[in-house]
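Below is one structure; the comments refer to it alone.
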Amino acid sequence: MVKLRRPSRAGAAPVPHSAIDPLRHEFARTDEANFSGFIYDPNDLSRRLVVELLLDGVPVRLARAEAYVPQLALEGIGDACYGFSFALTPDMLADSRSVDVRLANGADAIGSSIQLDDALEKATDSRGLGAVDWMGGLRFQGWVRCPAAESPMVRAVVDGEPVAEARASGFSHVGGIDNANLVKAFDLHLPTDYADGRVRRVHFITEDELQLTAAPLTFVAFPDAVERFFANFGETESERLRGRMLDRLLPASAPFTAYEDWRKRWDLETGRSRSPGAGSSTDRATAVVLVAGGNEDTSLASLEQQQHNNWVAAALPPLDGPGTFDSDELREFLAYDGRDAEIVIFAQAGTDFGSAALSSLIAGFAAVPQARLMYCDLEIDGEDRRPWPLALPAFDYERMLEQGYCAQLFAMDRASVEAALEARPTSLYRLFNSQFDGDGALHKQQVAHVPIPLARMTLPDLAAHSRLLVKASLDHLSARGIMAEATAQRGALLPAARVRRKSKSRTLTVIVPVRNRKELLQTCLSSIAPALSHARARVLVVDNDSGDADMLDYLGTLKRGGTEVLAIPGAFNFARLNNLAVEACDSDDVLLLNNDIRAMDAAWLAEMQGRLAEPDVGAVGALLLWPSGMIQHAGVALGPSFGAQHIGNDRLASDPGYGDMLKVARECGAVTAACLLTRRSDYLAVGGLDEVRFPVNFNDVDYCLKLRSQGKRIVWTPSARLYHHESASRGRDQVGDKAARFERELRNLRNKWGEDLLEDPYYNPNLSLDAVPFSALAWPPRGRMTRVNLPPSPIELPPGF
């Protein structure tokens, strides 16, 4: 057997430098298997160049030069985002002798060849030790390059004085097109003294006095909302409106660790005059039912402190372990001691009710007359008895099935309770979800949510409650005539179940737009092949002017093998490519899929199809991961940054997420079209993706909002897991000449869906609107009125506006 080796570059003829001469560049070895550098054109600072790394003359990696470089920031070079990096493995370097970098698809070398046999002296990294971003208000987030076992302290310095510090104990993802680096991350809020409306500057340094910011970051924060600040000094309504817009664009926040102070500051202490609908509640007779499993005395003592006094309570004994009850016992209580009750409130024994809990729930029924079910936010007891806020969404049917989040404390009108008893429920999960059985099922507009924590709860026996949830969800789906399986999962804060519906056989077309990048498409198609074979799905590759010879040969091979290739020439317009592809196919369902997706297993597609089996589900999204193991997409939250932000970007794949939201399937404002399953009929009914307003960005968000405006649900599932090399084939849209298009499309999104962006039913008004959803408290909260899950309503702008 002849062993082949990579050709050595030794003795190679020198390469011409005609193309590289005008450019400024640097390339160095960062550590044993990592390399970095920068490159830019001094005559055109808007250019973002692509470079490729070679081992012994053989290209192995590509990277776009768009990372922040502190050295260039100090020199005032553009926006300083011209850096690149490559993360290799020791195995890749084992048989190699030299590393070079050159302009992609060219012969022009960048810097000197690095000889791997040379001793690695002091490593340098042109990208610096880390980076910091201002999130709005007093909040800053950043990352530090250090060994994974270390968690360095980072200090914020204002006017030469350290004012705050945070440990870099989290994780973040950085990297270029074909590499991924996991770095340590931190989240830091400055003291409230600096929320004074003055423009200030802050430096960030590590405990070893190493600078993370080459130049100071400028920020401004206000003691209250900017809108309120302007209202105190402005003489016209226009000043208040100007302040409201600034609040949307520069949101302020407070860390979850400051919850107790935050609660006092914004008067969320139950029993205050700001309870939802205060003044509108009546003295309606109320019954409180406690289900065995906790300390009944704690609950009864807190009920004695209620503002609402017209109540009677009962503690039901367990039927079959904690969390269970005998429905006949409940029926008897309502027939005798609770015979006058108009409203019935249910909770686990041990729940510590806030003093306005009963009055707030009763007032919620007055504020939303059509409501039949009412639930609220909660506080969770930490190990040190410190309260932590559990800010919940408006009604989410999918999350109800897999988490039972709304069944911890809820209220029902008497007629609904009596109807529910016909199903003979034995747990609160079944009592709640029985309202959605059969033909007379409630609509989600009849389920209301009070976005105030009205009680504190201790964590239940999660294993036992997960089993109760599984049984309740299966009983409910069976009552609806839906064939399904369910298994208990391990929750961190709340019970968890995984529900699998059995979907009917439907035809499916997977649509993959491409332009060159053969290696991406090849990896994508080979990784999804097992799932597609099981589903008998076909692939439609949409070729948008590929010119690379290898790619054209590969597309020819695909066509000869039976894969359909649809050629669509012209400028890149993601929406148009998918629209023409959907029109060209005739399958029941379509899966929009990026060419930089790589499947992790063969089960992901069946999981998504099972979610789409529900007739009111319009689109299904998947859990997408960066190769580093960080989450790239866990659904889309509307409102943060007055736009749309992916959920989970600050979390590892193993993280349960805020309120266990990453462990269970749930509804959300939108999902990404990088992997989106939908019915072809629904796609065509709403006009597909908008080619004019959203040719590249936010077309998926707009599509999901259009579906929701028609009463459809958007479901995300963590059980469909795939890797996503985000924008690997195109690069990022927020830099260079693409930034203007991105801003235009963001403006279109705000114009069309503005108020709906700020009132996402799946995002709690007590949570911050900065760029990392579910990571901080809003300063101030945006509203505490009782809310329901209403469909969005677009503003249709005339042409030219």
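The values are calculated or read from the model by the stated rules, or taken from the named source; none is laboratory data. Just so it is clear, the model here is predicted, and its values are computed rather than measured. Cβ coordinates were reconstructed from backbone atoms using ideal geometry, including for glycine residues, and neighbour counts include every protein chain displayed. Calculation scope for accessible area: heavy atoms of the full protein, side chains included, ligands and nucleic acids excluded. Shrake-Rupley method; radii C 1.70, N 1.55, O 1.52, S 1.80 Å.
Points worth noting:
- Condition check for Arg498: touching a Leu at 6+ places or on another chain (Cβ under 9 Å), open to solvent by 30 Å² or more (accessible area, probe 1.4 Å), farther than 26 Å from Arg331 by Cα and not aliphatic (A, V, I, L, M): no
- Matching residues in the stretch 371-393 - criterion: being of a type in the set (Gly, Ala, Ser) and touching a helix residue (DSSP H, G or I) at 6+ places or on another chain (Cβ under 8 Å): Ala371, Ala391
- Of all residues making up the stretch 774-801, the number that are buried (at least 17 other Cβ atoms within 10 Å of the Cβ) and over 20 Å from Val450 (Cα atoms): 1
- Boolean, Ala119 is in a loop (DSSP other than H, G, I, E, B), over 18 Å from Leu62 (Cβ atoms), of a type in the set (A, V, I, L, M) and at pLDDT below 80: yes
- Subset of the stretch 46-70 that is among the β-branched types (Val, Ile, Thr) and under 23 Å from Asp91 (Cβ atoms) - its residue that is surrounded by the fewest Cβ atoms within 10 Å (Cβ to Cβ): Val58
- Of all the listed residues (Val692, Val735), the sole one being open to solvent by 20 Å² or more (accessible area, probe 1.4 Å), at pLDDT below 95 and hydrophobic (A, V, I, L, M, F, W, C) is Val692.
- In the set (1) open to solvent by less than 10 Å² (accessible area, probe 1.4 Å); (2) in a loop (DSSP other than H, G, I, E, B); (3) not charged (D, E, K, R), Leu677 fails one condition alone, (2).
- Residues satisfying the stated conditions in the stretch 633-647, i.e. crowded, with 24+ Cβ neighbours inside 10 Å and at pLDDT below 95: Gly639, Pro640
- Residue count for the stretch 735-772, restricted to those that are part of a loop (DSSP other than H, G, I, E, B) and either of a type in the set (Asp, Glu) or more than 26 Å from Arg64 (Cβ to Cβ) (or both): 11
- Any hit, the stretch 504-524, residues being open to solvent by 60 Å² or more (accessible area, probe 1.4 Å) and on the phi > 0 side of the Ramachandran plot: no
- Count of the stretch 560-612 residues which are among the small types (Gly, Ala, Ser), surrounded by 17 or more Cβ atoms within 10 Å (Cβ to Cβ) and assigned to a loop (DSSP other than H, G, I, E, B): 1
- Some residue of the stretch 424-431 being part of a loop (DSSP other than H, G, I, E, B), at pLDDT 95 or above, at negative phi and open to solvent by 40 Å² or more (accessible area, probe 1.4 Å): yes
- Of residues in the stretch 274-284 being more than 14 Å from Met785 (Cβ to Cβ) and surrounded by fewer than 16 Cβ atoms within 10 Å (Cβ to Cβ), the one modelled with the lowest pLDDT: Thr282
- Only one of the numbered conditions (1) surrounded by fewer than 23 Cβ atoms within 10 Å (Cβ to Cβ); (2) over 30 Å from Gln710 (Cβ atoms) is violated by Ser416, and that is (2).
- Complete set of residues in the stretch 331-358 that are open to solvent by 10 Å² or more (accessible area, probe 1.4 Å) and either out of contact with any Leu (no Cβ under 9 Å at 6 or more places or on another chain) or part of a helix (DSSP H, G or I) (or both): Arg331, Glu332, Phe333, Ala335, Tyr336, Asp337, Arg339, Asp340, Glu342, Asp352, Ser355
- One residue stands out among those in the stretch 432-471 that are among the β-branched types (Val, Ile, Thr) and touching a residue at least 60 places away in the same chain (Cβ under 8 Å): the one that is most open to solvent (accessible area, probe 1.4 Å), which is Thr458.
- Residues within the stretch 741-751 that are within 14 Å of Lys706 (Cβ to Cβ) and in contact with a helix residue (DSSP H, G or I) (Cβ under 7 Å, 6 or more places away or on another chain), tallied: 1
- Boolean, Gly618 is crowded, with 18+ Cβ neighbours inside 10 Å and either at pLDDT below 95 or outside any loop (DSSP other than H, G, I, E, B) (or both): yes
- Single residue of the stretch 17-45 satisfying the filter (modelled with pLDDT of 85 or more and part of a loop (DSSP other than H, G, I, E, B)) that is most open to solvent (accessible area, probe 1.4 Å): Asn43
- Residue match in the stretch 338-353 (condition: free of Cβ contacts under 8 Å to residues at least 40 places away in the same chain, within 14 Å of Arg414 (Cβ to Cβ) and not hydrophobic (A, V, I, L, M, F, W, C)): yes
- Test result for Gly160, at pLDDT 80 or above and surrounded by 18 or more Cβ atoms within 10 Å (Cβ to Cβ): no
- Unique residue being over 37 Å from the mean Cα position of the chain (by Cα) and open to solvent by less than 10 Å² (accessible area, probe 1.4 Å) when the list is Leu421, Leu361, Leu319: Leu421
- Of the criteria (1) out of contact with any Ser or Thr (no Cβ under 9 Å at 6 or more places or on another chain); (2) within 12 Å of Val620 (Cβ to Cβ), which one Val692 fails: (2)
- Meets criteria (over 19 Å from Ala215 (Cβ atoms) and at pLDDT below 85) for Ala63: yes
- Test: residue in the stretch 84-102 that is polar (S, T, N, Q), at pLDDT 80 or above and under 14 Å from Ile114 (Cα atoms): yes
- Annotation note: Cβ proximity below 6 Å between a residue of the stretch 54-77 that is more than 21 Å from Asp100 (Cβ to Cβ) and free of Cβ contacts under 8 Å to residues at least 24 places away in the same chain and a residue that is acidic (Asp, Glu) and surrounded by 20 or more Cβ atoms within 10 Å (Cβ to Cβ) (sequence gap 6+ or interchain) occurs for no pair.
- Within the stretch 71-103, the only residue that satisfies the criterion of being buried (at least 21 other Cβ atoms within 10 Å of the Cβ) and assigned to a helix (DSSP H, G or I) is Leu72.
- Some residue of the stretch 386-393 being in contact (Cβ under 8 Å) with a residue 24 or more places away in the chain, buried (at least 24 other Cβ atoms within 10 Å of the Cβ) and closer than 26 Å to Glu304 by Cβ: no
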